[in-house]
Amino acid sequence: MRITSPAFKENARLALADPQLQQALGNVRSGFIDKRETAVDALPEFEALRDSARAIKDHALQNLDLYLEAYEAKVLASGGHVHWAETAEDARNIILGICRSAGARTVTKGKSMITEEIALNEFLEENGIRPVETDLVEYIIQLRREHPSHIIAPAVHVTQAQVEADFRRVHDHLPVARDLSEPEALLGEARRVLRSKYFEADVGITGANFLVAETGSSVIVTNEGNGDLTQILGKVHVVVASIEKIVPTLEDTAQILRVLARSATGQDMSVYTTVSTGPRRWGDPDGPAEYHVVIIDNGRSAMLGSDFQDMLRCIRCGACMNHCPVYHAVGGHAYGWVYPGPMGAVLTPSLVGVDKAGHLPNASTFCGRCESVCPMKIPLPRMMRHWREREFERALNPAAARYGLKAWAFLARRPALYQAVTATGMRLLSLLGGRKRRLSWLPLGGSWTKHREFPAPEGSTFLRQMKARARP
Amino acid sequence: MSPRDAILAKVRAALKTEAGDDARRRKIMARLRKAPAGVIPARGQLPPAERTELFCQMAEKLFASVHRLKRHDEVPKAVAAYLRARNLPAAVRMGEDPRLEAMPWDGLRAFSVRRGASDGDDDAGVSYAFAGIAETGTVVMLSGADNPSTINFLPEHHIVVVDAASIQGDLESAIAGVRTHFGRGRMPRTVNLISGPSRSGDIEQKLVLGAHGPRALHLIVVG
Ligand code: SF4
C-alpha cells in the first residue's frame with residue numbers, strides 16, 4: 001500500500017470536510033467507548049489482568065529468540081511447515097510460492113492486518129491469483145478498492161447506504177428489485193455470495209492473534225466465523241504472523257484474551273476463538289491437508305531493545321483509536337498507511353521510517369486517553385514524544401516550527417529575558433484585545449484564530465502573580 | 001545465513017543475549033512445562049449447580065438458546081422438537097461421537113441423520129461439547145471424526161450437547177482439561193471456543209446475528 005502519511009495535514013483537511021465520513025465517525029465516538037466501559041466495569045479483575053497480560057508479553061519479548069525456537073519445534077512436530085521472512089517482500093514471495101505449489105487460482109482470506117502491511121492482495125493479483133476477503137467488512141473494503149480505516153472495524157468509515165450501493169453494483173446477477181434496506185439483508189447477501197468462495201478456494205490465508213510456543217498453535221479470534229471457514233475448507237492453511245505474536249503457553253493466551261475482546265468490542269469473549277495446530281490428522285473428516293506458518297520480522301527486531309520495544313506488546317484491539325479525539329475527527333485513512341490512530345502514530349514511523357511517516361507523531365493532543373485504555377499499558381504518548389524528538393534531531397519538521405522551537409528554547413534557558421519578553425508580549429496582546437477583550441487574529445497563530453477567538457490576557461504574568469503571592 | 005538464523009540473530013543482538021545461554025533456556029523450558037495460571041476471575045468459581053446456572057445465563061446473554069435435560073436419552077426428542085418449532089426439515093448432520101450414537105435417534109419418526117463432515121447443505125448440525133466454560137457461556141469443541149469442525153460453522157442451526165458435569169468455572173480449567181486429555185504440548189487439529197451464534201456489528205455498528213457461521217446456537221445441557 002502506498003504511504004500517504006506525509007500528507008497527513010491535507011488528508012485530515014479533506015476528512016474534516018467529508019460529511020459522509022463525519023457521519024460514520026459518529027458511530028465510533030458513541031458505540032465502542034460505552035461497550036468497552038460496560039464490559040470492563042463488569043469484571044473486577046480487569047486491572048489485575050492488564051498487569052498480568054503486560055507482564056506476559058514483556059517476558060515473551062525479553063526471551064523472544066527462545067520462544068520462537070520452541071514454537072517452531074512444536075509446529076514441525078505437529079506436521080506443519082515454518083517459513084521465515086525478514087522483509088515484506090520475502091513474505092510475499094514465500095506465500096506466492098505456497099499458493100503456486102498448491103496450484104491455487106483463488107485464495108480466501110480471513111481478516112489480517114499483517115497481510116495489509118505486506119500488501120499481499122495486490123501482489124497476488126499481479127501474479128494471477130485472486131484473493132477473496134471473507135470478513136464482511138474487508139469484503140466491502142475490497143469491493144470499494146479501499147484500505148481499512150480501523151484495525152478491528154475496517155469499514156467504520158462506510159455508511160449503510162454506501163454498502164447497499166456497492167452490493168448493487170457488484171452483485172449484478174441478483175434481482176434489481178431486491179430489498180437491501182436493512183443490515184440483515186446486506187449481511188445475508190454477503191454470506192450467500194461468499195459461501196461458494198470458501199469451497200472454491202485452494203488456499204485459505206489467516207493472520208494470528210497469538211502463536212503459542214507450548215503447543216505450536218496459532219490462535220485467531222473472530223465474530224463472524226469467516227476465519228474458521230477460510231482455514232477449514234481450504235486445502236492449504238497459511239498463517240501469516242509477525243514475530244511478536246508469540247506467547248509462551250495456552251494459559252498466557254487466556255490471560256490476554258480476557259483483556260482483548262473487552263477492550264476491542266466490549267465482549268467478554270469474541271464469538272469464535274480458534275486454536276489451530278498443524279494439518280488435518282489421520283481420521284479427521286475435515287481440515288486442511290497442509291499447514292504453513294510464515295513468520296515475519298519486517299522491522300520488529302529493530303524495535304526490540306529500543307525506546308519502542310513496548311509497542312511490540314500491542315494486541316491490535318483498537319481501543320486507543322476508539323478513544324482518540326484526533327481519530328474521531330479525521331478517521332483512519334488520514335493516517336496514510338495500514339495502522340491508524342495512536343498505535344499507528346507510533347508503529348508507522350517504526351516500520352516505514354520517521355522520514356516517511358511525516359506528521360503522524362504530531363497527530364495527537366497528548367490527552368493521554370489512549371494510554372489509559374490500552375489493555376497492554378503501552379505508553380503511547382511517551383513514544384510519540386520520542387518520535388517528535390527524533391524528527392527534530394533529524395531536521396524533518398518544517399523550518400518555521402524548528403525556528404519557533406529554537407527561539408523558545410533560547411528564551412526558556414534565560415529566565416530574566418523570558419519574563420521580560422512574555423510580560424511585554426502580554427501587554428501588547430492585552431492592548432490589541434481592545435474593549436471586547438478578545439482577539440480575532442493572533443500574530444503567528446492565524447490558523448488557530450481562523451476558527452475561534454483568542455481571549456486577551458488580563459492582569460500580570462503567571463510568574464509575577466506567583467511571586468506576589470509568595471511574599472508574606 | 002538462512003532467513004531464520006538472520007532473524008534470530010537480530011533478535012539476540014537487540015536483546016543483548018547469546019544463543020548458548022543455557023540458564024535462560026532452562027528457565028524458559030521450565031515455564032513452558034509449568035504453564036503458570038495468572039489471574040482467574042472469581043465470577044466462575046462456584047459450586048457445580050450454580051456454575052451450570054451461570055453457564056446458561058452467560059450463554060443466553062450472547063443470544064444462544066438453552067434447554068436443560070435430565071437424561072441423555074431425551075436429547076433426540078428435544079432436537080426434533082427444536083427443528084419442528086422452527087419449521088425446519090427433520091434432519092441433522094452429526095459426527096461419530098459414541099455419546100451421540102448411543103442416543104435413541106431411531107425412535108424418532110421420519111427423521112434423518114447424516115453422518116460425517118458438513119458439505120454446506122445442512123440446515124442443522126448436532127455436536128457434543130468437550131467442555132463448557134461458565135465464566136463466559138462458552139463451549140469447547142474439539143475437531144476429529146467424532147465432531148467434525150465443519151458442523152460448528154456451516155449449518156444455519158448448531159445444536160450442541162453439553163454435559164453439566166463438563167462445565168468448568170474458567171477458561172484455564174478448560175485448557176487444563178484439554179491438556180490432560182491429549183497430553184502435555186499436544187493438541188487436536190482445532191479447538192473451537194464458541195460463545196454464542198455468529199454475528200457482525202460492522203454495518204454502522206448494528207448487531208446482526210448469523211454472519212458466516214450459524215445464525216442460531218442451541219445448547220442442550222444434560223444433567
Ligand atoms: S496500542 Fe494498546 S489500545 Fe492500541 S491497539 Fe495496541 S493494544 Fe490496543
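The values are calculated or read from the model by the stated rules, or taken from the named source; none is laboratory data. Predicted, not measured: the structure shown is a model, and the values here were computed from it. We place every Cβ from the backbone using ideal geometry, glycine too, and count neighbours over all the protein chains shown. With ligands, DNA and RNA removed, areas are computed over all heavy atoms of the protein, side chains included. Shrake-Rupley method; radii C 1.70, N 1.55, O 1.52, S 1.80 Å.
Would you mind getting me the FRET efficiency between A:R413 and B:L207? Use the beta-carbon distance for r and R0 = 41 Å, nearest 0.05.
0.10
In whole Hz, what ³J(HN,Hα) sequence does the range B:56-62 give by Karplus (6.51, -1.76, 1.60; θ = phi - 60°), x for Gly and Pro?
Once θ is set to phi - 60°, the couplings for the range B:56-62 become 5, 4, 5, 5, 5, 4, 8 Hz.
Normalised by the empirical 2.2 N^0.38 Å for globular proteins, what value does the Cα Rg of the range A:265-324 take? Don't jump to the answer; show the numbers that get you there.
Values: Rg = 17.6 Å, N = 60, 2.2 N^0.38 = 10.4 Å.
Relative to the rule-of-thumb radius for its length, the range A:265-324 sits at 1.69.
Once you have the Kirkwood Rh of the protein assembly as shown from its Cα pairs, apply Stokes-Einstein at 10 °C and 1.306 mPa s and quote D in µm²/s. Intermediate results must be reported in sequence, preceding the final value.
On the way: Rh = 27.2 Å.
Translational diffusion coefficient: 58 µm²/s.
Can you give the local net charge around A:L124? Use residues other than it whose beta-carbon is closer than 14 angstrom to its beta-carbon, Lys and Arg +1, Asp and Glu -1. Present the calculation step by step, with values, prior to reporting the outcome.
Details: positive: A:R92, A:R100, A:R105, A:K109, A:R130; negative: A:E89, A:E116, A:E122, A:E125, A:E126, A:E133, A:D202.
So the environment of A:L124 carries a net charge of -2.
Extending each Cα 7 Å along its Cβ direction at B:K61 and A:E184, get the distance between those two points in nm, one decimal.
With each label placed 7 Å out from Cα toward Cβ, I get 2.5 nm.
Pop a pseudo-label 7 angstrom from the Cα along the beta-carbon direction at both A:L431 and A:W448 and give the gap in nm to one decimal.
Going by the 7 Å Cα→Cβ label model, 2.0 nm.
When the Kirkwood radius is taken over all Cα pairs of the range B:1-147, what Stokes-Einstein diffusion coefficient follows at 37 °C and 0.692 mPa s, in µm²/s?
The Stokes-Einstein estimate is 165 µm²/s.
Can you bin the range A:43-298 into rounded, prolate or oblate? Criterion: square roots of the alpha carbon gyration tensor eigenvalues sorted a ≥ b ≥ c, rounded for a/c under 1.5, prolate for a/b above b/c, oblate for the rest. Can you show the working numbers first?
Working: a/c = 1.87, a/b = 1.32, b/c = 1.42.
Oblate, since a/c reaches 1.5 and b/c is not below a/b.
What order do A:S218, A:S350 take when sorted by accessible area (1.4 Å probe), most exposed first? Kindly include the intermediate steps, with their values, before the conclusion.
Values: A:S218 5, A:S350 25 Å².
Solvent-accessible surface, decreasing: A:S350, A:S218.
Give me the distance in nm between label points sitting 7 Å out from Cα along the Cα-to-Cβ direction at A:S460 and B:A9, one decimal.
With each label point 7 Å from Cα toward Cβ, the separation is 6.7 nm.
Keeping all protein chains in place and using 1.4 angstrom, which order do A:L120, A:L16 fall into by accessible surface area, from largest down?
On the way: A:L120 0, A:L16 100 Å².
Sorted by accessible area, descending: A:L16, A:L120.
Out of the GluC sites (Glu not before Pro) in the range A:360-434, which ones are loop residues according to DSSP with at most 15 other C-beta atoms within 10 Å? Provide the component values of the computation, followed by the final result.
Numbers: sites: A:E371, A:E389, A:E391, A:E393; in loops: none.
Here no GluC sites (Glu not before Pro) fit, given the DSSP loop and packing criteria.
Tell me, what ³J(HN,Hα) does each residue in the range B:199-211 have, in order and in whole Hz, if you take phi through Karplus 6.51 cos²θ - 1.76 cosθ + 1.60 with θ = phi - 60° and put x for Gly and Pro?
7, 9, x, 8, 8, 6, 6, 8, 6, 10, 8, x, 9
Please report the antiparallel percentage of the DSSP beta bridges confined to the protein assembly as shown, to the nearest 5. Intermediate values should be presented prior to the final figure.
Numbers: 24 of 74 bridges.
Restricted to the protein assembly as shown, the bridges split so that about 30 percent are antiparallel.
For the pairs B:K27/B:K61; A:K109/B:K61; A:K235/B:K27; A:K356/B:K16; A:K9/A:K197, note any where the Cα-Cα span goes beyond 32 Å.
Values: B:K27/B:K61 42 Å; A:K109/B:K61 30 Å; A:K235/B:K27 38 Å; A:K356/B:K16 29 Å; A:K9/A:K197 40 Å.
In this structure, B:K27/B:K61; A:K235/B:K27; A:K9/A:K197 exceed 32 Å between Cα atoms.
Which lysines have a Cα less than 27 Å from the Cα of A:K436, not counting those fewer than 8 places away in the same chain?
Here the lysines satisfying the reach criterion relative to A:K436 are A:K450.
Can you list residues whose amide H is under 5 Å from B:V160's amide H, if they're 5+ apart or on another chain and H is modeled 1.01 Å from N?
B:S127, B:H218, B:L219, B:I220
Expressed as a whole number of Å, what is the distance separating the alpha-carbon centroids of the range A:313-391 and the range A:251-283?
So the two Cα centres are separated by 26 Å.
Mind checking which of B:G144, B:G201, A:H171 is farthest towards the positive end of the protein assembly as shown's charge dipole, using Cβ charges of +1 (Lys, Arg) and -1 (Asp, Glu) about the Cα centre?
B:G201
What per residue convex hull volume, in Å³, do the alpha-carbon atoms of the range A:78-125 yield? Please list the in-between numbers first.
Details: hull volume 4.7 nm³, N = 48.
Normalising the Cα hull of the range A:78-125 by residue number yields 98 Å³.
Excluding B:E53 itself, calculate the net charge of residues whose Cβ lies under 12 Å from the Cβ of B:E53, where each Lys or Arg counts +1 and each Asp or Glu counts -1.
Working: positive: B:R51, B:R68; negative: B:E50, B:E60.
Net charge in that neighbourhood comes out at 0.
Below 8 Å between Cα atoms, with a sequence gap of 6+, how large is the relative contact order for chain B in percent?
Values: 406 pairs, mean separation 51.5, N = 223.
Relative contact order comes out at 23 percent.
Residue by residue through the range B:91-107, what is 3J(HN,Hα) from phi via Karplus (6.51 cos²θ - 1.76 cosθ + 1.60, θ = phi - 60°)? Round to whole Hz and write x for glycine and proline.
8, 9, 10, 8, x, 9, 4, x, 5, 6, 5, 6, 7, x, 5, 5, x
At most 10 other C-beta atoms within 10 Å and a DSSP loop state: those are the exposed trypsin sites (Lys or Arg not before Pro) I care about. Give me the longest piece of chain B that has none. Please report the intermediate quantities before stating the final value.
Details: sites that count: B:K16, B:K70, B:R71, B:R109.
Here the longest segment lacking exposed loop sites spans B:110-223.
Above 21 Å lies some portion of the pair distances; for the range B:42-222, what is it as a whole percent of all C-alpha pairs?
Values: 7826 of 16290 pairs.
Of all Cα-Cα distances in the range B:42-222, 48 percent exceed 21 Å.
Using heavy-atom solvent-accessible surface (probe 1.4 Å) with all chains present, what is the largest-first order of A:H451, A:H171? If you can, show how the numbers build up before the last one.
Values: A:H451 140, A:H171 5 Å².
From most exposed to least exposed: A:H451, A:H171.
Pairwise over distinct Cα atoms, reciprocal of the mean inverse distance: report the Kirkwood radius of the range A:289-358 in Å, one decimal place. Mind dumping the intermediate values first?
On the way: mean 1/r = 0.0744 Å⁻¹.
After inverting the pairwise mean of 1/r, the radius is 13.4 Å.
Counting only residues 5 or more places away or on other chains, whose amide H sits under 5 Å from the amide H of A:L442 once H atoms are built in the peptide plane?
Residues meeting the amide H criterion: A:T449.
Averaged across A:150-163, how many Cβ atoms of other chains sit within 10 Å of each residue's Cβ atom?
Mean partner-chain Cβ count within 10 Å for A:150-163: 2.
Given H placed 1.01 Å from N in the peptide plane, which residues other than close sequence neighbours of A:V82 have an amide H under 5 Å from its amide H?
It is A:V293, by chain and number.
Would you mind counting up the charge near A:R2? Only other residues with Cβ under 14 Å from its Cβ, with Lys and Arg at +1 and Asp and Glu at -1. If you can, show how the numbers build up before the last one.
Details: positive: A:R145, A:K356; negative: A:E116, A:E117, A:E122, A:E146.
Charge balance near A:R2 sits at -2.
Can you tell me the alpha carbon radius of gyration of the range A:412-470 divided by the globular rule-of-thumb value 2.2 N^0.38 Å?
1.26
Report, as an integer, the average count of C-beta atoms from other chains found within 10 Å of each Cβ along A:264-270. Don't jump to the answer; show the numbers that get you there.
Values: counts 0, 2, 1, 6, 10, 12, 5.
Counting Cβ atoms of other protein chains within 10 Å of each residue's Cβ and averaging gives 5.
Here are some pairs, A:K35/A:K74; A:K377/B:K10; A:K35/A:K245; which of them have Cα atoms lying more than 28 Å apart in this structure?
Details: A:K35/A:K74 38 Å; A:K377/B:K10 26 Å; A:K35/A:K245 26 Å.
Going by Cα-Cα distance, A:K35/A:K74 fall outside the 28 Å limit.
Counting other C-beta atoms within 10 Å, and keeping those with at most 14, which DSSP coil chymotrypsin sites (Phe, Trp or Tyr not before Pro) do you find in the range A:311-391?
Working: sites: A:Y327, A:Y335, A:W337, A:F366, A:W387; in loops: A:W337, A:F366.
Taking the range A:311-391 and a limit of 14 other Cβ atoms within 10 Å, the loop chymotrypsin sites (Phe, Trp or Tyr not before Pro) found are A:F366.
Could you tell me the center-to-center distance, by alpha carbons, between the range B:87-133 and the range A:105-180 in angstrom?
35 Å
Per Stokes-Einstein, at 20 °C and 1.002 mPa s, what whole-number D in µm² s⁻¹ belongs to the range A:121-210, with the Kirkwood radius over Cα pairs as the hydrodynamic radius? Show your work: numbers first, answer last.
Numbers: Rh = 14.3 Å.
Estimated diffusion coefficient is 150 µm²/s.
Would you kindly give the portion of the calculated P(r) for the range A:61-188 that falls above 17 Å, as a percent of all Cα pairs?
Values: 5513 of 8128 pairs.
Tail fraction, whole percent: 68.
Give the percent of DSSP beta bridges with both residues in the range B:42-222 that are antiparallel, rounded to the nearest 5. Working shown, then result.
Working: 9 of 34 bridges.
The antiparallel fraction comes to roughly 25 percent.
Using only the Cα atoms, work out Rg/Rh for the range A:287-442, with Rh taken as the Kirkwood radius, to two decimals.
Working: Rg = 20.9 Å, Rh = 18.6 Å.
Rg/Rh for the range A:287-442 comes to 1.13.
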